[in-house]
Amino acid sequence: MAEPVGIMLAEHFSTVTQQRQAAKLGLWAWLITELLLFAGLFLCALIIRIQHPASVTLAATHLKFWIGAANTAVLICSSFTMSGAIVLSRIGWRAGMLRFMLATAALGTLFLLLKGFEYYQDYVEHMVPFLSGPYVLAHDQASRLFVDVYFITTALHGVHLITGVSILLVLTWQASRPHFLTRHQNRIEVYGLYWHFIDLIWMIVFPVLYVLNR
Amino acid sequence: MSGAPSPAVYPLLLWPQAASQAAVHVDWLIFAFTAVTLLLTVPIFLAITYFALMYRSGRQVDRGHTSDRNVKIELSWMLIPFFLTLAFFAWGAQIFDVEKHAPANALEIQAIGRQWMWKFQHPGGQAEINDLHVPTGQPVLINMISQDVIHSLYLPAFRVQMETLPGRYTQLWFKAERPGQYRLYCSEYCGTDHSVMDGLLYVMSPSDYARWLSQAGSSQSLAALGKRLFSNYGCSGCHGAGATIRAPDLAGLYNRPVPIDGGGSVIADDTYIRDKILNPDNNLIAGYKQVMPSFKGVIPEDELMQLIAYIKTMETSS
Amino acid sequence: MSPSDAVMRDPGTPQATMGRPSDYLHAQHTLRSWFFTTDHKRIALLYLASITVFFVFGAIAAGLIRLCLVVPNGQIFTNDTYNKIFTMHGVIMVWFFLIPSIPSTFGNFLLPLMIGAKDVAFPRLNLLSWYVFMTGALFTMATLVIGGVDTGWTFYAPFSTTYSNTYVIPALLGVIVVGFSSILTGLNFVVTVHMMRCPGMTWFRMPIFIWTLYATSLIFLLGTPVITLALILLVMERAFHIGVFDPRLGGDPVLFEHLFWFYSHPAVYIMVLPGMGVITELVAAFAQKRVFGYRFVAYASIGLASITFLVWGHHMFVNGQSQLASTVFSFLSFAVAVPSAVKVYNWTATIHKGNIRLDTPMLYAMGYIGLFVLGGLTGLFLATLAVDAHLHDTYFVVAHFHYIMVGGTMLAFLGGLHYWWPKFTGRMYPEAFGRVGAFLIFVGFNVTFFPQFILGYLGMPRRYHDYPPEFQLLNILSSAGSTILAVGYFFPMIYLTWSLWFGKRAPANPWQARGLEWTTSSPPPPHNFAVTPRVDFDPYDYAIKAREVG
């Protein structure tokens, strides 16, 4: 069942360790830029909260706290399944690894569906100030700013998740072919970092937008 | 260019006109800084040229006894220029501090920037477009706001400028000393006609200024105009004396702290009062039920300035 | 000298005689071998060709600006046309020329060569970043040339989000995409410097150019996401009215200035730092001398990259920013002067008692030092609070940043281009023409931009094409200078192209310079080195030669 695990040495590297470490360092560098991208939005949210505490509290009570909490749980589970896939890839159990990867993709999709439902609820409750329809907190100008930041942040995170699920599906397809683990086990490790990172961002989004302002 | 004075021949200009003592002060700062800059740079230029010629390849000269590191030298040429220039940081910060604090007795002129013109309102209600008349010998505070994009009121003769922002008042002040005609500009890029959003600044003796004010003609002062608006827009129905609805008393409000619902307080400055008229739901006042309608899109910027001018006078009348 | 050194220092005969594919230029000839190459050297040349084209467009816009400013009433173009032209000039020059210029051409070509690697860490990512760059840049270029955008390269809200009637969104999208290319390049360089150094190449044996590239890459990684976010927010507000900046939508326009300058001030150092690295290489090579205070210069690069993130507020002294914040930002901006000063004085000390050849690259380097010093010190004028209150948004600012960006980055770029041209192409450029070109550019530049310092001090605001008639004389002088500058630019363009076919064949090390890139043939073989180098000496070991000679 277990197959040999390793990576194919690219010709410009001199050792496999060098190649592995380069990939990992590269992804960390990328994650730092991602963190900074979101950091700007978190900073905006905090500044708005300091400037207009009453409006932000009012707007935050209209956010769907329980959907957010459920989504947090979904993403934590997906981090576990992804870790499982990585562990199995290291020991070369390909079939088990593939199942864990599909489970991760399924949980990611579940998150997106819940998020979509939440947006729909926001729409029904007129909590979408930038559409032409009525806005339920129209009397409170500053609340609008917070709701705008909420939509931009969650949408940007959603885009990352959609990208993440798509890459994961492609990777699962690649990994289902023979000899994948012999040549490209590193890809699973590197992708795992990215997936954990998307989860981490949500772990910041949830308290900053939903919890802190209640 | 609007209304430019036009002598036949323009000489090569090297020095801008100064209309105030503060401007001369800034000139001295720039002049001294230039001198120090030359002190720091000319030796480098000379040294590089000299070394390049002296040690050029093929010449027989002594190239021995060089080192490629000397901590003492490095620290000294890092720190000495730094401390030398810090003097100018302090000098500049000191002048800036003066520029930031207008004297209490300043004559307050209201300015509105919009695409693409300036509107100025004098306390007596006289309004002018693009050009500005100010008296000598008295500090003048310009309180300004933008109606659309960011502009910037630039008065080179006083060596000052300040951006006008939409939704927020900003100020600059100066004390004119030399009568004459100077230029004023918009210096922050604001779209199509940015480069014709300029005008002339007339600095006049107090008697000339008084004559100009009377000729410019205005039946009512800003505060008086504001008082009329106060009743026209129905403000007096709640905030006026003898109103039936319990609304906050505006007398003596200006520049006082206002307690905010949920703790804390804010100072009732121009921006606060403007914001409260347009967005009464922001910063709810402790102890009052919020029933005031929003006047957003109803009251234009110049009338807001008149209303605020009136609210300021309510302090003295109470 | 150990045997392994001998192999490296003396690459021997060009490898063509060994019957192998001679070099990276001639290894393959198909179009496909260029557009799908993962060789960092070929990617560098792809960048070089693209940014040269963008530079020509930006320069034409600059020429039109100077043409229009010859007369004070601005009647050569309509107001809107003029605004579109200066926007085109700024957007192209900043985003598509200056920011990628030295890092993605010299950086791509030389980083692996200088640290003894076969390639960058992620060669395919490197190619991808060129495609990303071209996608974004061509998209925005098309928008600017066909439709036009009138916001200025700074895209200030709420003008850009609500009031401008031009094609702001496509222009922004292109700039955002180009930002991703910067991030990918920076990421690649950081990993390459960390992971790909050849045996014996310790951090303090790296050339200064690598230090500055590393510092620049850090700015790419840490700064670019913030501008990406700011521009995404602009697009959101303009396209969907999701308000963050326009007060009518509940936003704050000053917030955009903060986000914009948090990146765009460090972006200045993206342009300046690699230039400083290039100049350090040139000065050491043409003085045949070790860089004075190598470690100080290396640390100064990292110091500049750090402090530059703390000074963005000096663009906002006159926008109602609190007096305390302004004072702190003013002070920190003065602190930037320290690491900058180190470099200038170190270059001067490096030249002292050197064995100096005044070839074209050295002429550019000397010009650079002079102009960079002026540009830097006028920056201190603008960092002085009361002075900025007068000079902010005037032609003084325009002159200041052109001294930094043209006098600095552009001269370093041209100097480096001549210095490494033999390595890039295997051909020498004609030296006499090179010197004339360098002289014309230096003179033309100063005649163009020095009058603008005076114009600014007199109070002429920037982005004005309809200006008071008393400023005409200085403007004519400036425009006259720009024609000299334009002629100067034509020189290298023509003779460098000519040399591609007719230039003298270059030896491996025409300048007797140190550094691993000169130990391999010119042009280098596809994988850079016949034998992986092993380093057991310090950088710039010019003293060794002196010892050998006696």
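The values are calculated or read from the model by the stated rules, or taken from the named source; none is laboratory data. None of these values were measured; they are calculated from a predicted model. Note that each Cβ is placed from the backbone with ideal geometry, even for glycine, and that neighbours are counted across all protein chains shown.
Being touching a Gly at 6+ places or on another chain (Cβ under 6 Å), modelled with pLDDT under 90 and of a type in the set (Gly, Ala, Ser) is the requirement here; does C:Gly243 meet it?
Here the answer is yes, as C:Gly243 does meet what is asked.
Collect the residues in segment C:516-539 that are buried (at least 21 other Cβ atoms within 10 Å of the Cβ) and among the small types (Gly, Ala, Ser), keeping them in residue-number order.
C:Ser521, C:Ser522 - these are the residues of segment C:516-539 that are buried (at least 21 other Cβ atoms within 10 Å of the Cβ) and among the small types (Gly, Ala, Ser).
Quick check on B:Ala102: is it farther than 26 Å from C:Gly250 by Cβ, hydrophobic (A, V, I, L, M, F, W, C), within 15 Å of the chain's Cα centre (by Cα) and in a loop (DSSP other than H, G, I, E, B)?
Here the answer is yes, as B:Ala102 does meet what is asked.
One line per residue, one yes/no per condition, for (1) touching a Cys at 6+ places or on another chain (Cβ under 8 Å); (2) closer than 30 Å to B:Pro280 by Cβ; (3) among the charged types (D, E, K, R); (4) in a helix (DSSP H, G or I):
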residue: A:Phe111; (1), (2), (3), (4): no, no, no, yes
residue: A:Pro134; (1), (2), (3), (4): no, yes, no, no
residue: A:Asp148; (1), (2), (3), (4): no, yes, yes, yes
residue: A:Val159; (1), (2), (3), (4): no, no, no, yes
residue: A:Arg177; (1), (2), (3), (4): no, no, yes, no
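Would you pick out the residues in segment A:99-151 that are β-branched (Val, Ile, Thr), touching a helix residue (DSSP H, G or I) at 6+ places or on another chain (Cβ under 9 Å), touching a residue at least 40 places away in the same chain (Cβ under 8 Å) and surrounded by fewer than 22 Cβ atoms within 10 Å (Cβ to Cβ)?
A:Thr109
Does C:Phe260 count as closer than 25 Å to A:His52 by Cα, within 14 Å of chain B (Cβ to nearest Cβ) and surrounded by fewer than 24 Cβ atoms within 10 Å (Cβ to Cβ)?
When the stated conditions are applied, C:Phe260 passes them.
Examine segment C:370-382 for a residue that is surrounded by fewer than 22 Cβ atoms within 10 Å (Cβ to Cβ) and either among the hydroxyl-bearing types (Ser, Thr, Tyr) or under 30 Å from B:Gln60 (Cα atoms) (or both), and state whether such a residue exists.
Yes, segment C:370-382 contains at least one residue that is surrounded by fewer than 22 Cβ atoms within 10 Å (Cβ to Cβ) and either among the hydroxyl-bearing types (Ser, Thr, Tyr) or under 30 Å from B:Gln60 (Cα atoms) (or both).
Within segment C:338-372, track down each residue that is in contact with a helix residue (DSSP H, G or I) (Cβ under 7 Å, 6 or more places away or on another chain), facing chain B (nearest Cβ under 7 Å) and within 21 Å of B:Asn70 (Cβ to Cβ).
Result: C:Val338, C:Ala341, C:Val342, C:Val344, C:Tyr345, C:Thr348, C:Ile351, C:His352, C:Gly354, C:Asn355, C:Ile356, C:Ile369.
If I go through segment B:237-252 residue by residue, how many of them are of a type outside the set (Lys, Arg) and over 18 Å from B:Ile299 (Cβ atoms)?
Counting residues in segment B:237-252 that are of a type outside the set (Lys, Arg) and over 18 Å from B:Ile299 (Cβ atoms) gives 9.
Taking segment A:11-36 as the region of interest, how many residues are crowded, with 17+ Cβ neighbours inside 10 Å and either assigned to a loop (DSSP other than H, G, I, E, B) or touching a Pro at 6+ places or on another chain (Cβ under 8 Å) (or both)?
So the answer is 5.
Residue check: is B:Arg256 surrounded by fewer than 22 Cβ atoms within 10 Å (Cβ to Cβ), of a type outside the set (A, V, I, L, M) and outside the structural domain of B:Val26 (by TED's automatic domain parsing)?
Considered against the rule, which asks whether it is surrounded by fewer than 22 Cβ atoms within 10 Å (Cβ to Cβ), of a type outside the set (A, V, I, L, M) and outside the structural domain of B:Val26 (by TED's automatic domain parsing), B:Arg256 comes out as yes.
Any idea how many residues of segment C:451-498 are part of a helix (DSSP H, G or I) and over 17 Å from B:Pro16 (Cβ atoms)?
The qualifying residues number 23.
Can you spot a residue in segment A:179-195 that is surrounded by 14 or more Cβ atoms within 10 Å (Cβ to Cβ) and in contact with a Phe, Trp or Tyr (Cβ under 6 Å, 6 or more places away or on another chain)?
For segment A:179-195, residues surrounded by 14 or more Cβ atoms within 10 Å (Cβ to Cβ) and in contact with a Phe, Trp or Tyr (Cβ under 6 Å, 6 or more places away or on another chain): absent.
Only residues that are away from chain C (no Cβ under 14 Å), surrounded by 19 or more Cβ atoms within 10 Å (Cβ to Cβ) and either touching a residue at least 24 places away in the same chain (Cβ under 8 Å) or not in a strand (DSSP E or B) (or both): list them for segment B:118-169, please.
Answer for segment B:118-169, where residues must be away from chain C (no Cβ under 14 Å), surrounded by 19 or more Cβ atoms within 10 Å (Cβ to Cβ) and either touching a residue at least 24 places away in the same chain (Cβ under 8 Å) or not in a strand (DSSP E or B) (or both): B:Gln121, B:His122, B:Gly125, B:Gln126, B:Leu132, B:His133, B:Val134, B:Pro135, B:Thr136, B:Val140.
Might you check whether a residue that is more than 26 Å from C:Phe537 (Cβ to Cβ), more than 22 Å from the chain's Cα centre (by Cα), free of Cβ contacts under 8 Å to residues at least 60 places away in the same chain and at the interface with another protein chain (Cβ under 9 Å from one of its Cβ atoms) occurs anywhere in segment C:307-318?
no
Could you pull out the residue among C:Gly293, C:Gly277 that is crowded, with 24+ Cβ neighbours inside 10 Å and either among the acidic types (Asp, Glu) or free of Cβ contacts under 8 Å to residues at least 60 places away in the same chain (or both)?
C:Gly293
Yes/no matrix, rows are residues, columns are (1) over 29 Å from C:Gly375 (Cβ atoms); (2) surrounded by 14 or more Cβ atoms within 10 Å (Cβ to Cβ); (3) touching a residue at least 24 places away in the same chain (Cβ under 8 Å):
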{"residue": "B:Pro16", "(1), (2), (3)": "no, yes, yes"}
{"residue": "B:Ala19", "(1), (2), (3)": "yes, yes, yes"}
{"residue": "B:Asp27", "(1), (2), (3)": "no, yes, yes"}
{"residue": "B:Met54", "(1), (2), (3)": "no, yes, no"}
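Just give me the residues in segment A:25-72 being of a type in the set (Phe, Trp, Tyr) and within 14 Å of chain C (Cβ to nearest Cβ), in sequence order.
A:Trp28, A:Trp30, A:Phe38, A:Phe42
So how many residues does segment C:525-543 have that are farther than 22 Å from B:Arg63 by Cβ and more than 14 Å from chain A (Cβ to nearest Cβ)?
Result for segment C:525-543: 3.
Which of the residues spanning segment A:60-98 are crowded, with 16+ Cβ neighbours inside 10 Å and aromatic (Phe, Trp, Tyr)?
Once the filter is applied, which keeps residues that are crowded, with 16+ Cβ neighbours inside 10 Å and aromatic (Phe, Trp, Tyr), segment A:60-98 yields only A:Trp93.
Only one residue in C:Ala389, C:Ala438 is closer than 24 Å to C:Lys504 by Cα, buried (at least 21 other Cβ atoms within 10 Å of the Cβ), more than 17 Å from the chain's Cα centre (by Cα) and within 14 Å of chain B (Cβ to nearest Cβ). Which one?
Exactly one of C:Ala389, C:Ala438 is closer than 24 Å to C:Lys504 by Cα, buried (at least 21 other Cβ atoms within 10 Å of the Cβ), more than 17 Å from the chain's Cα centre (by Cα) and within 14 Å of chain B (Cβ to nearest Cβ), namely C:Ala438.
Do we have any residue at all in segment C:56-73 that's surrounded by 18 or more Cβ atoms within 10 Å (Cβ to Cβ), farther than 13 Å from C:Tyr464 by Cα and not hydrophobic (A, V, I, L, M, F, W, C)?
Yes, segment C:56-73 contains a residue that is surrounded by 18 or more Cβ atoms within 10 Å (Cβ to Cβ), farther than 13 Å from C:Tyr464 by Cα and not hydrophobic (A, V, I, L, M, F, W, C).
Let me spell it out: the conditions are (1) at pLDDT 90 or above; (2) within 30 Å of A:Leu131 (Cα to Cα); (3) not aliphatic (A, V, I, L, M), and C:His258 meets all of them except one. Which number is the exception?
Going through (1) at pLDDT 90 or above; (2) within 30 Å of A:Leu131 (Cα to Cα); (3) not aliphatic (A, V, I, L, M) one by one, C:His258 breaks only (1).
Restricting attention to segment C:100-127, which residues are surrounded by fewer than 24 Cβ atoms within 10 Å (Cβ to Cβ), within 13 Å of chain A (Cβ to nearest Cβ), closer than 26 Å to C:Ile176 by Cβ and not aromatic (Phe, Trp, Tyr)?
C:Pro123, C:Arg124, C:Leu125, listed by residue number.
Scan segment C:285-315 residue by residue and report those that are in a helix (DSSP H, G or I) and β-branched (Val, Ile, Thr).
C:Val297, C:Ile302, C:Ile307, C:Thr308
Among the residues in segment C:208-223, are any crowded, with 24+ Cβ neighbours inside 10 Å, within 9 Å of chain A (Cβ to nearest Cβ), of a type outside the set (S, T, N, Q) and assigned to a helix (DSSP H, G or I)?
yes
Any chance segment C:265-284 includes a residue that's under 24 Å from C:Tyr167 (Cβ atoms) and either more than 14 Å from chain B (Cβ to nearest Cβ) or not in a helix (DSSP H, G or I) (or both)?
Yes: segment C:265-284 contains one or more residues that are under 24 Å from C:Tyr167 (Cβ atoms) and either more than 14 Å from chain B (Cβ to nearest Cβ) or not in a helix (DSSP H, G or I) (or both).
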